[in-house]
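Comments concern the structure below.
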Amino acid sequence: MSGTGKRFPLSLSSIADKPAGSRQTTRTATPQTATRNAAHTLAIQLAGKAAKPVSNAVAGKPAQNGAGKPATNSAPGMQPARNMPAQQQTERTMPMVSEGVRRAMVARVARQGVKDPKVLTAMETVPRHLFLEPAMASQAYIDASLPIGHHQTISQPYIVARMIEVMRNNAQGGVLNKVLEIGTGCGYQAAVLSLVAKEVYSVERIKPLHELAKANLRPMRIANIRLHYGDGMLGFPQVAPFDGIILAAAGLEVPQALLEQMSIGGRLVAPVGAHHQVLQVIERINKYEWTTVTLEDCHFVPLRPGTAG
């Protein structure tokens, strides 16, 4: 991890909103959509000028955890570039995926009660539409969860912002040196977390979604995210403890393994329940004591053990 602090080596807005006519676009042999193919090519073009460090997890090399072991799998290979049809290039410049629409989404989230300026800035910075299929792009900034395949969803913008805000409201004054996300999904929440935490570790149990998240995040060249394919209910003990843990799926209770991986003063935010789910925040007081507060109703996909190919 670079000692210069977290930041995007490449501007997300430059990837998301630069007119398609100003660059050549390519397609790769990954689960990327046409939108992400365009982002990938632009990132390569800018990378030669920026000369910034690249996260192993999003560059296709194994990230190293605290024990010196790989934290992610190698990225899939890439085929020679081919030109993208003009119709697909046009999809990226439509008003429905513009910065103005994203700002309107953040203003709505603020009206719903999220006040943390750092969280709101992160939400405004990350282009949510790049994490969805083109057919879903027109809905990217509505306040709703949306399907990403494999019976999973990308969480609604409000709940993403709300959970991160609550996690940041800790005894360390919002400092998050190391955060664990359970349920990477398409990678959107990990990208938002990377702007409020120094290091982000994200675990996904469904292999195709793990690969999809890598494909989505790679062109953004985010230097402080490490992706891991594995059983999220076990956490990531190799690099624990974590100042914050956030779950993107609901269990009947929070796994004890995750509670044990919290740092003293750290916060875990998770949906809990079956038919009726509530958002809970758990804070670790000392080695043997945790406190739990219930916040509000919510709705998430179920938390499941093991891995799925």
Quiz item: Which percent of the accessible area of the range 206-285 is formed by carbon and sulfur heavy atoms (probe 1.4 angstrom)?
Solution: 58 percent
Quiz prompt | Peptides ranked, highest mean first, by Cβ atoms within 10 Å: ranges 118-128, 291-301, 212-222 | solution = 212-222, 118-128, 291-301
Exercise. Can you send over the solvent-accessible area of ARG103, 1.4 Å probe, protein chains only, in Å² to the nearest 10?
Key: 120 Å²
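With all pairs of different alpha carbon atoms counted, what Kirkwood hydrodynamic radius in Å does the range 182-290 show? Let's see the in-between values first.
Numbers: mean 1/r = 0.0698 Å⁻¹.
The answer is 14.3 Å.
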Quiz prompt | Distance violations [Cα-Cα > 27 Å] among LYS115/LYS207; LYS118/LYS207; LYS178/LYS287; LYS118/LYS214; LYS118/LYS287; LYS115/LYS198 | solution = LYS115/LYS207; LYS118/LYS207; LYS118/LYS287
Quiz prompt | Amide proton proximity set for GLY251, modelled H, under 5 Å, gap of 5+ | solution = GLY273, LEU303
Self-check item: Spin-label model distance (nm) - VAL175 vs GLU289, 7 Å beyond Cα toward Cβ
Solution: 2.3 nm
Quiz item: If the label point is 7 Å along Cα→Cβ of LYS198, which residues in the range 149-178 have backbone nitrogen under 14 Å from it?
Solution: 172-178
Exercise. Please work out whether the range 238-309 counts as rounded, prolate or oblate from its C-alpha gyration tensor, where a ≥ b ≥ c are the square roots of the eigenvalues and a/c under 1.5 means rounded, while otherwise a/b larger than b/c means prolate and anything else oblate?
Key: oblate
Quiz item: In square angstrom, what is the accessible area per residue of the range 91-222 with a 1.4 angstrom probe?
Solution: 33 Å²
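The values are calculated or read from the model by the stated rules, or taken from the named source; none is laboratory data. Please read all numbers here as calculations on a predicted model, not as lab measurements. No Cβ is skipped: glycine too gets one built from the backbone with ideal geometry, and neighbour counts run over all protein chains shown. To get the accessible areas, we keep the full protein, side chains included, count just its heavy atoms, and leave off ligands, DNA and RNA. Shrake-Rupley method; radii C 1.70, N 1.55, O 1.52, S 1.80 Å.
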